[in-house]
Amino acid sequence: MLSALHTIRDYPFDPGEPVFARYPAMKFGDRASVRHFAGMLAPIALRRIAEAPPDRDWVLTSPPQRGLRCGANFVCDEVHAILAEALPGRRLALDPLRTAQTAPPFETEAEFRCYNDYSRQDVETRRLFRMGGDETYTYDLSNFAGRCCIFLNDINVTGTQLESMETILGSVVASLDFLLIVNVDPKIGRAFPFLESEINLSKLSGLDELACHLRDGEFRCTGKLISRLMSHEAGEIEGLLAALDAEKRRAIHRAVLEEGLYGGAFFAPKMGVVARAARAARTG
């Protein structure tokens, strides 16, 4: 079963739909936006669990994690917390799909752009990206065996990640439900896959706008936030970090290191800027 807060059935879509107002900030780990979507998704999950026999075991999960977490991972955590409070005594686990395998650092601009511009790619490129990622990694699925699983994600555009999760979890779990913020009609998603990029850039698209949002808001660093930051020139990154307080600069530096994708020679100048900003935060 697939459930979503909003479905895109036409292109061009209406970017003024309320669901898109907080969506880009959620992708960057904005705490208020994460809580907003969790509050909207939790009732759907509650209804699904209430429809099932009370003796069923449930597990909630979200996109596989190899480095930094994504916005959907944080939303999943919040939804699980709401469900656990609403359903005391029910067997409801939270199991992140993690793997010890890591991707190598980017060595060229082309490698980085392929990763950073995923939302702009066509269906075949997305499928190849997934086949080289989710399905080639190994996961501990023991906690999923025989349970009813709810897989929570932010968006389904072309269906490639849902197909990947079917491959990974389908033969292990008793049932698999998909819970989404945005679902795109298959014909629209395959014809206009770049609409995901349009959604991501519908807010916080400018550097100044991003800097103000990070300065004034509360966030946890996601892979999407760090890749967006590292897509800018070194001087622009320096200016953005200068607008943030010391703790946020240190948090971004820790996140860049944790992500593990930016240690190659290609990113050395930008890594230098981030490291200097963190050092200044410690001594300032």
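Using only Cα atoms, figure out Rg for segment 47-97 and give it as a multiple of 2.2 N^0.38 Å. The partial results should precede the final answer.
Values: Rg = 12.0 Å, N = 51, 2.2 N^0.38 = 9.8 Å.
Computed over Cα atoms of segment 47-97, the ratio equals 1.22.
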Taking amide hydrogens as modeled 1.01 Å from N in the peptide plane, which residues meet the under 5 Å criterion relative to ASP30, leaving out close sequence neighbours?
ARG220
Any idea what angle helix 31-51 forms with the longest principal axis of the chain, computed on alpha-carbon atoms, 0 to 90 degrees, nearest 10?
10
With x for Gly and Pro, the residue-by-residue ³J(HN,Hα) of segment 251-267, computed from phi through the Karplus equation 6.51 cos²θ - 1.76 cosθ + 1.60 at θ = phi - 60° and given in whole Hz, is 5, 5, 4, 4, 5, 4, 5, 5, 4, x, 9, 10, x, x, 5, 4, 9
In whole Hz and in residue order, list the ³J(HN,Hα) couplings for segment 146-154 that follow from phi through the Karplus curve 6.51 cos²θ - 1.76 cosθ + 1.60, θ = phi - 60°; x for Gly and Pro.
x, 8, 7, 10, 10, 9, 9, 9, 7
Top to bottom by accessible area (1.4 Å), largest first, where do ARG56, ARG228, ARG47 land?
ARG47, ARG56, ARG228
Using θ = phi - 60° and the Karplus curve 6.51 cos²θ - 1.76 cosθ + 1.60, what whole-Hz ³J(HN,Hα) does each residue of segment 181-188 get, with Gly and Pro shown as x?
7, 10, 10, 10, 3, x, 5, 6
Taking Cα pairs closer than 8 Å and at least 6 residues apart, the relative contact order of the chain in percent is 27
As computed over segment 12-94, the Cα convex hull volume per residue (Å³):
121
DSSP beta bridges in the chain [antiparallel fraction, %, rounded to 5]:
5
Averaged over all directions, how much area does the convex hull of the C-alpha atoms of segment 180-258 cover when projected, in nm²?
6.4
Taking only protein heavy atoms into account and a 1.4 Å probe, give the accessible area per residue of the chain in Å².
45
Would you grab the residues whose amide H sits under 5 Å from the one on ALA4? Only those 5+ places off in sequence or on another chain, please, with H modelled 1.01 Å from N.
LEU180
Under a 5 Å amide H to amide H cut-off, with H placed in plane at 1.01 Å, what residues pair with LEU97 once short-range neighbours are removed?
SER62, GLN65
On the accessible surface of the chain, probed at 1.4 Å with all protein chains in place, carbon and sulfur together account for a percent value of 52
For segment 1-117, what does the relative contact order come out to in percent, with C-alpha contacts under 8 Å and a separation of six or more?
26
Rank by packing, highest mean first: peptides 78-89, 98-109, with packing defined as the count of other Cβ atoms within 10 Å averaged across residues.
78-89, 98-109
Just one of [x] 37, 25, 22; [y] 37, 20, 17; [z] 32, 21, 20 is semi-axes √(5λ) of the Cα gyration tensor in Å calculated from these coordinates, so which is it?
[z]
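The values are calculated or read from the model by the stated rules, or taken from the named source; none is laboratory data. These numbers were taken from a predicted model, which means no experiment stands behind them. Note that we place each Cβ from the backbone using ideal geometry, even for glycine, and neighbour counts take in every protein chain shown. What goes into the accessible areas is simple: the full protein's heavy atoms, side chains included, and nothing from ligands, DNA or RNA. Shrake-Rupley method; radii C 1.70, N 1.55, O 1.52, S 1.80 Å.
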